[in-house]
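Here the structure comes first, spelled out in structure tokens, and everything after it is commentary.
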Amino acid sequence: MLDVESLLRWVEKPGRYTGGELNAVKKNWEDTPVKLAFAFPDVYEVGMSHLGLQILYAVVNARADTLMERVFAPWPDMEALLRERQIPLFSLESHRPVKDFDILAFTLQYELTYTNVINMLELSGVNPLASERTGDAPLVIGGGPCAFNPEPLACFFDLFVIGEGEEVIHELLDAYHRGRRDGVKRGDLLSAAAAIPGVYVPSLYSVVYRPDGKFAAVEPHPGIPARVSKRIVKDADRIPIPVDPVIPTIETVHDRGVLEIFRGCTRGCRFCQAGIIYRPVREQELERLLAQGRALAKNTGYDEISLSSLSSVDYSQLLPLIDRLLSTFRPERVGVSLPSLRADAFSVEVARHLRQVRKSTLTFAPEAGTQRLRDVVNKEVTRDAMLDAAAAAFAAGWFRVKLYFMIGLPTETEGDIDGIALLAHEVLQVGERSGIPRNRLRLTVSTSCFIPKAHTPFQWEPLAHIEELKGKITRLRKQFKDRRVEFDWHDPHMSFLEAVFARGDRRLGQVLLEARKNGCRFDGWREYFSFSQWLKAFGRAGLDPAEYAYRRFDYRNALPWDHIDTGVNREFLVEEHQRAYRAEPTYDCRRGNCEACGVCTSLDLEPHLAEGETCVSL
Amino acid sequence: MYRYRLTFRKDGPLRWIGHLDLARAFERACRRAGLPLFYSEGFNPRPRIVFALPLRVGVIGLRELVEVYLRVPVTNEALKARLAPALPEGLALESVRRVQREAPALMAAVDRATYRVEGTTGPEVTPEAVRSGLQAVLGAGEIKIARKIKDGAKECDIRSGIISLDARCINGRLNMAMTLRAGQQGNVRPEEVVEALLRIGGLSGDPLDFTYYRTGLFTVLSDRMVRLG
């Protein structure tokens, strides 16, 4: 064990590194054969807000043969101290060097954490390159949404798990434990792992390049599956709902209990990757959620329980769930919250139920400023529904409303940008008409840049040019002179980099190494993001980032992520892409009309709604 | 509304969390314990839990104080039996005592805090050097230190806030004990006193090299220090 205590007085927020939180699991090191470190490549406060960590922590630590401990990206002050004193990166539970673990499992939530992954490997004394790791070096594995285009990270990882991890992690740990007991060599262990459905071992796939050096195809080695299909937990009852999560001792980004009410979302927003990769919808039964929600509140002492999912207002039993939870929670003033609301009056009705305990800002995501563009992206929100929602919100006593939009969407015009400002001002006018005092009315307009993501109908689309994005932001800023409106936006340079990696190929591994050499890490944090260092890194690697970000793929082009199978068929994505250009809607299959995306047939299951309602797929 | 004064220790991993995080941890523990907390009215109801005096990150609290208000009366023993097991590692409940609802507010009652400070220092720190440093500090008319505030630093005179100070060098270790003015007016921090001793005594070292313990909180009643809690 390392002397972590002596470091703590020198760093900001030492609570990030102490461990020892309530429900943290500290197993006997010597008695547990398999040791896994779960690595979150961002700071503690971000990582501890992540439900996936809590689920896997519970699932893995329930195994007698395995222990799981946590490690987060050290903040730059701690990193400097570790380097200066030559102390290796350590786990929170037992303060042991990460290098002493058998498996190092990174969750990949966001492209701009990739340099943190490499930095954490460096700080652990683990060679970042998988091909250089031998013998008893930890097996470095990855999962999470970014694993659906694993290629930019392929050279750093021994394997990736595609899709939901709860079940496949057991198969993987069984194989690892068995293999190690039998003295199986690292390479053979990886070959055995590649036979587990959902496991992608990048070293067993070769990338073929065209004569000009550009990506042509990914080809499996003999005997290795050509495509890796995502794993999901088919039966909603078997999706773990942790009720004894580790409770952080310092305030986190989402400092509340999380109750996951369903997985998957089939609203079909054409820019949304989560909507594709977590298909189909699997709702939890009401009674299970009530029992788990009550246990969660009682065991944690949180004053707020968040009903989490990709689109929580869509849960078919939402009002009974909220009302029945609140009736138990009311004496101790525990609140129930939703991550965001649909822009319609029903959502406000829902919010009114929620607000019986606690008041906050209401957040809606119309995503685009005009009906035409909302039809293009298949965001089923109308101006009237949005204004009705705003009117209902103001009538119910809210003064603060937040609206989310995207800029740089395919087919977007200046008129669509102006539409954002127009819609925002209409919401303000509704507020005035509702009699909200002038000085109390507040509207936040938040814009992010559309980023084409792998496996979505917009995967073939380019990112809008950085200068164009900046121009759109400036255009909007000029239209938000009203002091009651707060306008914020995402840095287009960060979006540019995110776009490069979201659709990148294996060659980008070199860029990541160069960027690390230039000191890049915490790229998602404005104070540490350095675009110029990144441009230098691309230059040294001989690659042009613009080619990646601004590329419009042809339907005939092979895509670097073609060997990863989400279960949604390509024809559906092409059809959706074309419907976008015709501004034609595609409806949510929750309503019973199957749009034949293919996920149910390929995974052999059906969408599941609470209380036995089931949609029939084609 | 029923008012209870609790003494507790703060050490272990929780030594490294700040005041607001401590308040959150305490509140969650009270809810886990199923205590009938008394809540404020309004849209954002908060339980009434009041700490005597914030404890800085890293300082070990040996006899810290907090008051918890309940809707329903419980015995001191029952409160302790329910809350103690619900506290996270690093918080230990020492005692519980019901206090009169009308008793003076806890935060306003705090006038003095006592601290113990320990650390290893450089080889030039001899018993004689420490003794003369201590004499210099105690003999000084004023001691200016730069106190960090929101934007920048403010110069403060801490001399009148040092009620008593003892410092000894034993086997290369520097041990200090001090009583400092505390609370809403004229509060002095122990690391400021250590900084003053090192600077005025010409001793090497950094206040951050030391381990700090807060050993007690006191009120002053007709010139006498009376322990709170």
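The values are calculated or read from the model by the stated rules, or taken from the named source; none is laboratory data. Computed from a predicted structure; not experimentally measured. Quick reminder, even Gly has a Cβ in these numbers, built from the backbone with ideal geometry, and neighbours come from all protein chains shown. Just so you know, the surface numbers come from the protein's heavy atoms only, side chains and all, with ligands and any DNA or RNA stripped out. Shrake-Rupley method; radii C 1.70, N 1.55, O 1.52, S 1.80 Å.
Listing for the model above:
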item	result
In segment A:514-618, chymotrypsin sites (Phe, Trp or Tyr not before Pro) in a DSSP loop with at most 12 other beta-carbon atoms within 10 Å	A:Tyr555
Dipole in debye (nearest 20) - chain B, about Cα centre, beta carbon charges: Lys, Arg +1; Asp, Glu -1	940
Minimum 30 Å² accessible area buried by the other protein chains, segment B:16-30 residues, probe 1.4 Å, relative to alone	B:Trp16, B:Ile17, B:Asp21, B:Arg24, B:Arg28
Within segment A:393-436, trypsin sites (Lys or Arg not before Pro) in DSSP loop having at most 12 other beta-carbon neighbours inside 10 Å	none
Placed amide H near A:Thr447: partners under 5 Å, 5+ positions off or other chain	A:Phe405, A:Asp488, A:Trp489, A:His490
Accessible area that becomes buried as A packs against B, both chains, 1.4 Å probe, Å², nearest 100	2500
Lys/Arg +1, Asp/Glu -1 at C-beta; segment A:316-412 dipole; positive extreme among A:Thr370, A:Gly335, A:Phe405	A:Gly335
Cβ-Cβ FRET estimate between A:Tyr555 and B:Ser222, R0 fixed at 60 Å, reported to 0.05	0.10
For chain B, the longest site-free run once trypsin sites (Lys or Arg not before Pro) in DSSP loop states with at most 11 other Cβ atoms within 10 Å are removed	B:1-100
Alpha-carbon centroid distance for the pair segment B:89-105 / segment A:119-139, whole angstrom	51
Debye, to nearest 20: dipole size of segment B:2-104, +1 on Lys, Arg Cβ, -1 on Asp, Glu Cβ	120
Farthest positive-ward along segment A:496-563 dipole, Cα basis, beta-carbon charges - from A:Trp561, A:Phe501, A:Leu535	A:Leu535
Mean-position separation - Cα centroids, segment A:544-594 and segment A:208-264, in angstrom	19
Check: the protein assembly as shown dipole with +1 on Lys, Arg Cβ and -1 on Asp, Glu Cβ, in debye	2620
Per-residue mean of C-beta atoms belonging to partner chains within 10 Å, peptide B:40-51	2
Residue among A:Pro280, A:Ser347, A:Ala154 farthest towards the positive dipole end of the protein assembly as shown, charges placed on Cβ	A:Ser347
Sites excluded, GluC sites (Glu not before Pro) in DSSP loops with at most 12 other C-beta within 10 Å, longest stretch of chain A	A:31-526
Neighbourhood net charge (15 Å Cβ-Cβ; Lys/Arg +1, Asp/Glu -1) for A:Pro41	-3
Within the protein assembly as shown, helix-based [θ] at 222 nm, where runs of 4 or more DSSP H residues each add -39,500 (n - 2.57), nearest 500	-9000 deg cm²/dmol
Probe 1.4 Å, protein heavy atoms only - accessible area per residue of segment B:116-177 in square angstrom	59
Local electrostatic count, A:Phe538, Cβ distance below 11 Å [Lys/Arg +1, Asp/Glu -1]	0
Longest DSSP-loop-exposure-free segment, GluC sites (Glu not before Pro), chain B, at most 13 other Cβ within 10 Å	B:143-229
Note, ³J(HN,Hα) from phi for segment A:458-467, Karplus 6.51, -1.76, 1.60, rounded to Hz, x at Gly and Pro	9, 5, 8, 7, x, 6, 4, 4, 3, 5
Charge tally in the Cβ shell below 15 Å around B:Thr126, where Lys, Arg are +1 and Asp, Glu are -1, B:Thr126 excluded	+1
Under Karplus coefficients 6.51, -1.76 and 1.60, residue-wise ³J(HN,Hα) of segment B:183-195 in Hz, glycine/proline x	x, 6, 10, x, 4, 10, 9, x, 5, 5, 5, 4, 4
Carbon/sulfur fraction of accessible area - chain A, other protein chains in place, 1.4 Å, %	50
Inter-chain shielding of A:97-110 (mean C-beta neighbours from other protein chains, 10 Å cut-off)	0
Note, ³J(HN,Hα) from phi for segment A:272-277, Karplus 6.51, -1.76, 1.60, rounded to Hz, x at Gly and Pro	8, 6, 4, x, 8, 6
